[in-house]
1. Just a yes or no: is a residue in segment A:21-30 within 25 Å of A:ASP245 (Cα to Cα), within 13 Å of ligand 2 (Cβ to nearest atom) and either surrounded by fewer than 24 Cβ atoms within 10 Å (Cβ to Cβ) or away from chain B (no Cβ under 14 Å) (or both)?
2. For segment A:57-74, give me each residue that is within 16 Å of ligand 2 (Cβ to nearest atom) and over 19 Å from A:MET197 (Cβ atoms).
3. Restricting segment A:217-261 to residues that are within 16 Å of ligand 2 (Cβ to nearest atom) and closer than 11 Å to A:ILE46 by Cβ, which is modelled with the lowest pLDDT?
4. Taking the condition of being touching a residue at least 12 places away in the same chain (Cβ under 8 Å), within 12 Å of chain B (Cβ to nearest Cβ), assigned to a helix (DSSP H, G or I) and more than 26 Å from A:TYR146 (Cβ to Cβ), how many residues in segment A:51-85 meet it?
5. Within segment B:162-213, track down each residue that is touching a residue at least 60 places away in the same chain (Cβ under 8 Å) and either open to solvent by 20 Å² or more (accessible area, probe 1.4 Å) or among the acidic types (Asp, Glu) (or both).
6. What residue, of A:ILE161, A:ILE199, A:ILE151, A:ILE156, is more than 16 Å from ligand 2 (Cβ to nearest atom), touching a strand residue (DSSP E or B) at 6+ places or on another chain (Cβ under 7 Å) and within 14 Å of chain B (Cβ to nearest Cβ)?
7. Would you confirm whether any residue within segment A:216-225 is more than 16 Å from ligand 1 (Cβ to nearest atom) and not aromatic (Phe, Trp, Tyr)?
8. Here are some conditions: (1) open to solvent by less than 10 Å² (accessible area, probe 1.4 Å); (2) among the polar types (S, T, N, Q); (3) over 26 Å from A:VAL73 (Cβ atoms). A:SER207 meets all but one. Which one does it not meet?
Amino acid sequence: MTAPDADRRVGGPAIATVALTRRFGDLTAVADVSLTVPYEEIFGLIGSNGAGKSTLIKMLTTLLPPSSGEARVCGFDVRREAAEVRRHIGYVQQLLSADGALTGYENLLLSARLYAIPRHQRAARIAEALEMTELTDAADRLVHHYSGGMIRRLEIAQSMIHHPQVLMMDEPTVGLDPMARRAVHDHVRKLRESLGMTIFITTHDMSEADELCDRIALMHHGRIDIIGTPAALKAEVGPRATLDDVFAHFIGVEIEPGGGYREARRARRSARERRQ
Amino acid sequence: MTASEAIAGYGIQMLGVADAELRKLRHDATEMATRAVQPALWLLLFGSVMERVRGLSGASGASYLNFLGPGILAQSVLFVAIFYGINTIWERDAGILNRYLVSPAPRSALVLGKALSSTVRGLSQAVVVYILSLALGIEVSFAPGNLAAVLFFIALGAGLFSTFSVVIACLVRTRERFLGIGQVLTMPIFFASNAIYPIRLMPRWLQIISRLNPLTYEVDALRKFMLRMPGGRLTVTTDLAVLVIALAVLVAIAARLYPRMGE
Ligand SMILES: Nc1ncnc2c1ncn2[C@@H]1O[C@H](COP(=O)(O)OP(=O)(O)O)[C@@H](O)[C@H]1O
Ligand SMILES: [Mg+2]
């Protein structure tokens with residue numbers, strides 16, 4: 001594998017936002033968020049259901065225009081240089097997104113072509129992505145026969161095929177059993193180590209954040225006021241504190257999982273049911 | 001990135017989208033077979049009854065079935081293409097659409113790729129209509145040049161109406177509303193055209209609508225190339241220009257609206 005070459009990196013951090021805000025009518029889903037993520041960090045965004053995590057990540061991936069404020073990814077402005085941003089990122093969204101009516105291989109072929117990977121590199125990139133996510137044997141099966149964990153792995157394969165600088169993952173382990181969850185964690189670490197990717201991951205699972213992330217941000221009602229390493233944040237609260245305690249301490253309420261699971265299940269069902 | 005790299009990239013992206021759609025068709029070929037039924041019914045029922053109505057024959061005095069054949073060909077392509085947008089809504093609901101939208105592919109490459117794939121569905125309709133036409137004694141031309149021209153105009157029509165359908169899908173956003181609107185739109189596009197009767201028999205206001213309707217120009221072109229004795233009232237250049245401009249305008253609109261489906 002080749003690392004995303006460092007000279008493709010424009011100066012500055014992988015992700016930088018200034019007063020980034022998104023409103024839906026009267027509701028402010030993301031409020032005045034300013035944060036910076038350096039290259040090769042695994043950065044976790046933690047918050048209850050409805051905190052604004054997906055809205056924030058959609059703005060960073062150019063899917064949703066900000067209402068105000070600024071965001072740069074790999075040095076490129078998400079509004080004015082959207083195509084450049086897209087070239088440099090991969091995105092695993094909260095809802096499942098692989099096409100159930102295609103095989104795993106065909107999904108990857110589509111991704112490789114969407115990223116305009118030249119023909120002579122395509123086969124190698126697809127093989128690499130399949131191998132890395134341990135899907136080589138399942139490559140020629142239709143995705144609606146895949147398990148949830150396999151679909152997630154395929155989506156990770158699809159979002160890394162162009163060796164992006166930054167991989168954005170929105171609740172990638174929601175709805176997965178512990179084994180599949182561990183596999184996703186392993187892939188995330190591997191991507192950072194072998195390809196030098198920066199990972200921006202959202203979750204409401206504290207043990208996941210604790211295990212995986214170099215730094216975490218706590219999000220509540222669209223705001224982010226607390227950012228730090230898991231160790232430092234825990235130390236601030238008390239000697240035996242867990243991240244759950246950290247969240248309760250700083251935010252004032254317990255973190256609560258929510259509809260994310262149901263949504264992932266719904267999407268998985270529709271991926272399976274397609275044209276059956 | 002150089003200009004030639006950009007153009008090559010555009011081609012890879014557009015054909016990649018089209019190829020994925022065709023692979024889905026290949027995995028599920030029943031869909032195409034069921035669609036063959038509708039043009040068959042039109043030609044058999046409508047054609048054989050209307051054959052008896054005086055005044056409906058073409059200008060040349062040829063049989064009404066000869067007049068109707070190209071109209072039904074265009075109609076069968078229209079009826080398939082006009083519901084293509086449901087696919088866009090389905091892909092949005094299933095989360096697939098965002099995979100396209102986060103990619104660096106120009107939005108017009110995505111829209112054109114989808115349009116291109118729908119032309120293949122249109123071509124499969126053509127095969128069915130040709131077989132039926134032969135069985136009914138319509139004087140079909142099999143000259144290679146004519147066949148190529150027919151395929152070209154069918155592809156153009158399918159691309160045009162499927163892109164129109166994507167525009168509608170982006171505007172109405174839900175399956176229920178889309179299906180309702182699709183039904184409502186199909187009939188006026190079909191009847192306010194020269195597909196099943198000559199424009200000269202229409203009341204004045206309907207004539208105006210028919211002349212603004214791209215289907216009229218598709219049918220006109222098909223009448224020139226599908227039949228041994230060419231029909232059609234306009235020049236090929238006019239037909240071609242109207243259809244290409246309409247397609248370009250629709251692709252531009254769809255490329256603007258498509259990203260909003262991701263929100
Ligand atoms: N497209 C939308 N239209 C209106 N409200 C939305 C939209 N998307 C999200 N919201 C609202 O914004 C808030 C944040 O949602 P979201 O970003 O999905 O939170 P999370 O991902 O943390 O669960 C919620 O109250 C949600 O209902
Ligand atoms: Mg979310």
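The values are calculated or read from the model by the stated rules, or taken from the named source; none is laboratory data. Please read these numbers as outputs of a predicted model, since none were measured by experiment. Cβ: placed from backbone, ideal geometry, glycine included. Neighbour counts: every protein chain shown. Accessible surface areas use protein heavy atoms only, side chains included; no ligands, DNA or RNA. Shrake-Rupley method; radii C 1.70, N 1.55, O 1.52, S 1.80 Å.
1. Step one: list which residues in segment A:21-30 are within 25 Å of A:ASP245 (Cα to Cα), which gives A:29-30.
Then drop every residue that is not within 13 Å of ligand 2 (Cβ to nearest atom), which leaves A:29-30.
Filter once more, so that each one left must be either surrounded by fewer than 24 Cβ atoms within 10 Å (Cβ to Cβ) or away from chain B (no Cβ under 14 Å) (or both): A:29.
Yes, because at least one residue in segment A:21-30 is within 25 Å of A:ASP245 (Cα to Cα), within 13 Å of ligand 2 (Cβ to nearest atom) and either surrounded by fewer than 24 Cβ atoms within 10 Å (Cβ to Cβ) or away from chain B (no Cβ under 14 Å) (or both).
2. Initial filter on segment A:57-74 (within 16 Å of ligand 2 (Cβ to nearest atom)): A:57-61, A:63-64.
Correct list: A:LYS58, A:MET59, A:LEU63, A:LEU64.
3. A:ILE255
4. So the count comes out to 5.
5. B:PHE164, B:ILE168, B:LEU171, B:ARG173, B:THR174, B:ARG175, B:LEU179, B:LEU185, B:ILE189, B:TYR197, B:LEU201
6. Details: A:ILE161 fails: touching a strand residue (DSSP E or B) at 6+ places or on another chain (Cβ under 7 Å); A:ILE199 fails: within 14 Å of chain B (Cβ to nearest Cβ); A:ILE151 fails: touching a strand residue (DSSP E or B) at 6+ places or on another chain (Cβ under 7 Å).
After ruling out the rest, the residue left standing is A:ILE156.
7. Restricting attention to segment A:216-225, the residues satisfying the condition of being more than 16 Å from ligand 1 (Cβ to nearest atom) are none.
No, that holds for no residue.
8. Looking at each condition in turn, A:SER207 falls short on (1).
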